[in-house]
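The values are calculated or read from the model by the stated rules, or taken from the named source; none is laboratory data. Keep in mind the model is a prediction, meaning the values are calculated, not measured. Ideal geometry is used to build each Cβ from the backbone, glycine not excepted, and the neighbour counts take in all protein chains shown.
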Amino acid sequence: MAGAWVGARRPAATVDAAASGPLVIDAPAVHTEHAVPLAPEHLLSATSVVPHSFSPRLTAAAAIVVDAGTGRVLWQLQPHERRKVASLTKIMTALLALRKLGPSDVVTVDKTVPRVPLVREGLRAGERVKAWKLFYSMLLYSGNDDALALAIAAGGDKWTFVHEMNDEAHRLGLADSHFVSPSGVVDRDNYSSAWDLAALTRVALRNERFARIVRTKIIHVPWSAPTYSKVYVNNNLMLRSYRGANGVKTGYTHKSGPCLVVSAKRHGHTLVAVLLDDPNMYVDATRLLNFGFSAA
């Protein structure tokens, strides 16, 4: 379920930030946001869920589709069931780290980062990397080392940042969620629900930098020697197969099963759908969004 990055080694004398062609994107010129998300009681409302039975049934263990603009829940399946969510954890990591790190802030990779369990993009201890590159890698390629590097840079150390993740979950009213790592690579005691992830994604999408990153299909970035350039390909296939799709994140471990949070915009409405432990997540996401747009 991991995405892809491709490194290209080239002679140093012939490569600079502009040498990779027009797809090379430098740090986005956006300042760090400090906006406070909406109060917890306003994030989602299930007072007008639309009755509907999918035939055949969705294969997700839990699912939800909501109007991202209003927070209205349009349809739900086991919305508050606590489940392992793998790399969907990185939505919370990105939300917090984006508030603290500007695009051009330089992150020095801690010595613990290269030892994080797979999937890794291969960050090297002591390497100095601009934060914007790590955000793209974490959210497109889903690098666990990127998540840890950003967590340490934003929180001072891993466990302080994890504590902040749980504090933020509590502040947002995410009663079904608990985090033990910034990446989600550890399943034990790391969980959330379809409801909480939809609410969290509503908040995250208000961050312009987050929204820009998760809708990116592919990005070429300059890198220091001996790599010189990398290409990150978004592993969210809905961006290529569903009209209007503009985010958000995939996740997978053996225990969580395939997981997906997807957003899409049509006719002025933006929807967020969450599918947890769904072996047919892309098929079901298409059906869920189609229903959502018809009911919104």
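A few comments on the model shown:
- Residue count for region 108-143 under the criterion of being more than 18 Å from the chain's Cα centre (by Cα) and surrounded by 24 or more Cβ atoms within 10 Å (Cβ to Cβ): the result is 1.
- Residues in region 83-134 that are among the aliphatic types (A, V, I, L, M), modelled with pLDDT of 95 or more, part of a loop (DSSP other than H, G, I, E, B) and under 30 Å from Gly257 (Cβ atoms): Val85, Val116, Leu123.
- Contacts under 8 angstrom Cβ, first residue in region 64-75 being in contact (Cβ under 8 Å) with a residue 40 or more places away in the chain and aromatic (Phe, Trp, Tyr), partner surrounded by fewer than 20 Cβ atoms within 10 Å (Cβ to Cβ) and part of a loop (DSSP other than H, G, I, E, B), 6 or more apart: Trp75/Val49; Trp75/Val50; Trp75/His52
- Selection over region 190-214 of residues that are in contact with a helix residue (DSSP H, G or I) (Cβ under 7 Å, 6 or more places away or on another chain) and either in a loop (DSSP other than H, G, I, E, B) or acidic (Asp, Glu) (or both) gives a count of 3.
- Residue that is farthest from Gly71 (Cα to Cα), among those in region 220-238 that are surrounded by fewer than 21 Cβ atoms within 10 Å (Cβ to Cβ) and among the aliphatic types (A, V, I, L, M): Ala225
- Scanning region 252-296 for residues that are in a strand (DSSP E or B), farther than 17 Å from Leu197 by Cα and either among the β-branched types (Val, Ile, Thr) or touching a Ser or Thr at 6+ places or on another chain (Cβ under 6 Å) (or both) yields a count of 0.
- Within region 255-291, the set of residues being under 15 Å from Lys84 (Cα atoms) and not acidic (Asp, Glu) comprises Lys255, Ser256, Gly257, Pro258, Cys259, Leu260, Val261, Val274, Leu275, Leu276, Pro279.
- Verdict on Ala131 being touching a Leu at 6+ places or on another chain (Cβ under 9 Å), small (Gly, Ala, Ser) and touching a residue at least 40 places away in the same chain (Cβ under 8 Å): no
- A count restricted to region 60-79 and to residues that are in a loop (DSSP other than H, G, I, E, B) and surrounded by fewer than 24 Cβ atoms within 10 Å (Cβ to Cβ) stands at 7.
- Any chance Lys249 is closer than 21 Å to Val185 by Cβ, among the charged types (D, E, K, R), modelled with pLDDT of 95 or more and assigned to a strand (DSSP E or B): yes
- Qualifying residue in region 258-271 (condition: modelled with pLDDT of 95 or more, buried (at least 18 other Cβ atoms within 10 Å of the Cβ), more than 22 Å from Gly69 (Cα to Cα) and within 17 Å of the chain's Cα centre (by Cα)): yes
- Val203 vs. criteria modelled with pLDDT of 95 or more and more than 13 Å from the chain's Cα centre (by Cα): no
- Subset of region 144-173 [buried (at least 24 other Cβ atoms within 10 Å of the Cβ) and free of Cβ contacts under 8 Å to residues at least 40 places away in the same chain]: Asp145, Asp146, Leu148
- Answer residue from region 80-103, given it is hydrophobic (A, V, I, L, M, F, W, C) and over 19 Å from Val180 (Cβ atoms) and is surrounded by the fewest Cβ atoms within 10 Å (Cβ to Cβ) among those: Leu101
- Contact map, region 205-217: first residue within 12 Å of Ile91 (Cα to Cα), second residue of a type in the set (Phe, Trp, Tyr), Cβ cut-off under 7 Å, separation 6 or more or different chains; pairs are Ile213/Phe135; Ile213/Tyr136.
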